[in-house]
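Asker: Provided herewith is a single structure, encoded as C-alpha cells, for subsequent inquiry.
The values are calculated or read from the model by the stated rules, or taken from the named source; none is laboratory data. The structure displayed is predicted, hence computed values, not measured ones. Cβ: placed from backbone, ideal geometry, glycine included. Neighbour counts: every protein chain shown. When the accessible area is computed, the model is the full protein with side chains, heavy atoms only, and any ligands, DNA or RNA have been set aside. Shrake-Rupley method; radii C 1.70, N 1.55, O 1.52, S 1.80 Å.
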Amino acid sequence: MDIEKILTERIVFKGAAPKKKKEEKVKTKAKKKGYITGAHGSGSAKMKAEYRRRRANRHKNG
C-alpha cells in the first residue's frame, strides 16, 4: 500500500470471528442429590453428607 493511501484512508483491521459459545452443562437435581448424599463414592462427599445429616437432625433430638 502507498503511504499516502494509508495516511488518508487508514488501515482497517477486522477482528477475529466470534467464538461459538459452548453449551453449559446443566446439573440435574438427581446428580446434585447424589453428590450431596455422598452416593458417588467420594470419601469427602460422604463425610460432608454425614455432617449435613447431623446438622439437619440436630433440632429433632431435643
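Asker: Does ALA16 satisfy the criteria of being at pLDDT 75 or above, surrounded by 10 or more Cβ atoms within 10 Å (Cβ to Cβ), on the phi < 0 side of the Ramachandran plot and not charged (D, E, K, R)?
Answerer: On the way: at pLDDT 75 or above: yes; surrounded by 10 or more Cβ atoms within 10 Å (Cβ to Cβ): no; on the phi < 0 side of the Ramachandran plot: yes; not charged (D, E, K, R): yes.
Criteria not met by ALA16.
Asker: Being at pLDDT 75 or above, within 34 Å of the chain's Cα centre (by Cα) and open to solvent by 100 Å² or more (accessible area, probe 1.4 Å) is true for just one of LYS46, LYS33. Which residue is that?
Answerer: Working: LYS33 fails: at pLDDT 75 or above.
Step by step, each of LYS46, LYS33 is checked, and only LYS46 is at pLDDT 75 or above, within 34 Å of the chain's Cα centre (by Cα) and open to solvent by 100 Å² or more (accessible area, probe 1.4 Å).
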